[in-house]
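Every read-out reported here was derived from the displayed coordinates using simple, explicitly stated rules and does not represent laboratory data. Please read all numbers here as calculations on a predicted model, not as lab measurements. Counting neighbours? That spans all protein chains shown, and the Cβs are built from the backbone with ideal geometry, glycine included.
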Amino acid sequence: MNLSAFSRLVGGGAARWRMALLSGVAALSLAGCTGDDGPSPMMSKAMKTLSPQTVALLQEKGMSTDSPLVVRIFKEESELEVWKQTTNGDYALLKTYPICRWSGELGPKKTEGDRQAPEGFYTITPGQMNPNSSYYLSFDLGFPNPYDKALGRYGSNLMVHGDCSSRGCYAMTDEQVQEIFALGRESFRGGQRSFQVQAYPFRMTPENMVRHRNNPNLAFWKMLKEGSDTFDLTKAPPKVDYCSKRYVFNATPVDPSQKFQASSPCPAYTQPGDLGEELAARQRDVATRIASAGALVPVAPVKTGKDGGMHKVFLAKLENPELKAPGSLPPVVKPPGSDYGVATNEPAPAESIALATAASVPTTADVPLPSPRPTDLPPLSSQPAGTPTLPEPAAGLLAARSPAVTAPGTEVAALEGGGFLASVKSFFSAATSPATPPTTSPATETPASAAAAVVAPAGTPAARAAATPAGAAPANATTTVASPAAEAPAAAAPSSGFSLSSLFGGGSTRVAAPVAPTVPAEAAADVPVPPVRPVAVPQATSRASAAVVQHPVATAAPSARPAHAPANAAAAAGSAPAYAAVPTPGASYSTVPTPSAAAAAATPAVPTPAQASAAQASATAGQPLSGTAPALPGASILTSGSFSTTVQ
């Protein structure tokens with residue numbers, strides 16, 4: 001054979017030589033993953049040919065076994081589609097495969113371990129085909145792509161594989177993934193360098209977009225819909241680029257020197273023909289439908305709580321193992337919505353099927369438990385030494401009042417007991433034992449202590465300060481205060497708030513002192529108590545025509561009770577109220593007249609009817625009335641309500 005004949009032989013079969021070379025490279029790349037020189041079970045799975053039925057279907061639809069393909073995934077419908085290029089250059093649907101299991105919720109994958117299956121556009125190369133997969137056969141989706149990386153999303157080992165088990169993957173049956181794997185392998189043999197996977201949350205129809213209008217991923221899904229619409233309009237996989245952290249499809253920069261970068265702003269670009277206008281029109285249609293959707297239009301739940309989905313054909317087989325399904329199931333499968341797996345050789349529990357077919361599954365919110373209350377503390381025997389304890393609450397109505405808790409080393413005046421029984425006891429003892437006021441010395445009792453003995457509750461800082469005489473040690477010094485139990489009889493004890501004496505009357509005329517509140521165990525604050533202001537003797541004022549009655553300043557004994565003002569004195573006071581002077585034990589005070597009293601003193605006083613009658617009787621008897629002002633000429637008042645014009 002001469003050189004020219006050899007050249008014609010080689011030239012005529014160049015296409016066949018290239019095909020054989022690519023097939024050999026693909027076989028070597030797949031065999032390199034086995035780590036074995038000879039054929040292996042793994043290699044035999046990866047190199048199985050297409051079934052006669054699939055080859056016949058390809059021929060029927062005008063497709064070749066090695067023509068380019070596109071894979072489209074729809075989560076909500078649990079379906080995977082394989083599209084192949086036909087002889088006229090357009091892509092057509094070859095086959096739809098029901099997905100056995102996918103995990104997570106509708107929406108993109110964001111972080112490692114979130115169980116989300118990716119959504120978006122991904123590229124599969126021969127190096128991502130894995131014949132040694134632990135899940136029969138698989139190919140890696142290539143997550144994250146440049147768009148995912150621009151948003152900080154990450155994850156790994158996200159596959160389309162077999163074994164019907166998913167943790168962020170799209171799981172098929174072993175028979176299904178074997179055929180899909182073979183179709184991809186043959187496309188690589190036909191010269192396709194990579195094939196595209198389009199992963200959608202659902203079929204991107206306007207109706208589905210309206211149904212998911214409340215989902216926070218709606219803006220992301222609108223962007224994916226542009227890619228889906230591009231595929232529908234062009235009948236070819238879109239050219240995918242990334243800029244401004246978004247997808248752009250079939251775009252060409254106006255300036256050829258500019259490039260698309262996922263994290264950089266999009267340069268000015270164009271789209272072929274009327275593609276841009278058609279895409280914009282479809283987006284406006286979706287926006288209009290969403291805006292006009294009312295309350296009667298159903299809304300899909302944002303989260304189902306089922307951890308993914310399973311195609312209904314596999315759910316039917318779980319319910320009835322006698323039914324046929326596209327492939328065999330593993331011995332145990334975990335249906336959506338269940339926390340446990342079910343055996344596939346017997347009917348699954350009705351509860352598992354109900355959860356898998358429900359629109360959503362209620363989940364328990366992870367709400368932290370509140371901190372235990374003080375009353376929920378363990379018993380004192382189980383607490384370590386030195387643990388502070390709280391006072392026990394009163395057991396009921398008949399329980400005695402607990403004394404106030406005080407700091408160690410401090411003696412505080414406290415009243416005896418209390419409670420209902422103490423009130424009954426004091427009621428019956430009051431008739432036979434009348435109350436006797438305490439005997440104190442005017443020289444040793446100060447006004448502040450006298451006031452505190454009447455109104456200050458026992459155990460309060462005011463009572464402790466009042467018990468300290470003037471000139472004594474400061475409040476922070478350790479002071480022994482006499483207990484009122486030693487100075488005052490039982491009649492002065494405070495009531496518990498309910499007593500038979502107050503209910504039926506009688507007994508002693510005791511005044512119930514306010515009950516001292518229970519204070520925490522802490523030392524009293526070193527706050528100086530100001531002295532009690534002296535109580536000034538009020539003046540009885542009246543109009544200009546009223547007489548000013550001067551009262552002498554009296555020094556009352558500490559044990560003496562203040563005299564009550566007569567009734568006629570209050571009547572003579574007119575509109576200005578008169579108050580009885582309360583003498584302070586051990587002290588006397590002078591009366592300072594008010595401006596109105598001083599003005600009234602300068603005006604001649606008009607005698608009252610009683611004074612006029614007394615003056616007349618004194619003049620008749622010839623005995624002057626001491627302290628009575630002489631009558632003035634003019635009209636005189638004879639009796640209340642009558643006047644006389646005769647000058648006397």
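The table that follows gives values for the structure above.
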item	result
Rg over Rh [alpha-carbon atoms, Kirkwood Rh] for segment 46-292	0.96
FRET E, pair SER360, LYS312, Förster distance 22 Å, beta-carbon r, rounded to 0.05	0.85
Amide H within-cut-off set for TYR269, under 5 Å, with H built and near neighbours excluded	VAL254
Bins of 5 Å, starting at 0 and running to the largest distance - Cα pair percent for segment 201-289	3, 13, 23, 23, 19, 12, 5, 1, 0
Selected from GLY168, PHE195, PRO146, residue furthest toward positive end of dipole (segment 144-239; charges at beta carbon)	PRO146
Amide H within-cut-off set for LEU50, under 5 Å, with H built and near neighbours excluded	none
Segment 94-217: C-alpha pair distances exceeding 24 Å, %	29 percent
Percent RCO, i.e. relative contact order, over segment 46-292, from Cα pairs under 8 Å lying at least 6 residues apart	19 percent
Sorted peptide list for 321-327, 243-249, criterion being average Cβ within 10 angstrom, highest first	243-249, 321-327
Under-5 Å amide H pairs with LYS109, H placed in peptide plane, nonlocal only	GLU119
